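Here the structure is laid out as structure tokens; the discussion comes afterwards.
We did not get these values from a lab; they are worked out from the coordinates using the rules stated. Remember, it's a predicted structure, so these values are computed and weren't measured experimentally. Counting neighbours? That spans all protein chains shown, and the Cβs are built from the backbone with ideal geometry, glycine included.
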Amino acid sequence: MSGKLGSAALVADTTTTVYTVPADTVATLNISLVNRGTEPAKVRVAITDAAEPGDADWIEYGAEIPEAGGVLERTALVAGAGEKIIILSDVGNISARVHGFEEAE
């Protein structure tokens, strides 16, 4: 598969799994977050194979996204089978998209 791998409209203060790499697959991916709201957002992004991210799983922690169209992007990330992209925002109005490609291991 290539293109959009997952997307979500985030709910404030709720961890959201936006994408999980299928079994026997590796994914090369990009994460894009955009703030549709009228106040800045603080976000966290994790890549983990656990149900909930541990301290070592966060690749962004407290990153601020400006209001009214501010963007945060992480590119050229690689995740293995069963790993999840989990995102948390302190406000609603954040759109998350994971795009890239999957290939068999």
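Segment Asp55..Ala12, full-extension length gain: 13.4 nm, with 0.36 nm per residue of separation and the alpha-carbon distance subtracted.
When +1 charges are put on Lys and Arg Cβ atoms and -1 charges on Asp and Glu Cβ atoms, the dipole computed for the chain relative to its Cα centre reaches about 360 debye. Across the chain, C-alpha contacts under 8 Å between residues 6 or more apart give a mean separation that, scaled by the residue count, equals a relative contact order of 51 percent.
With each pseudo-label sitting 7 Å past Cα toward Cβ, what's the Lys4-Glu103 distance in nm, one decimal? Modelled inter-label distance: 2.5 nm.
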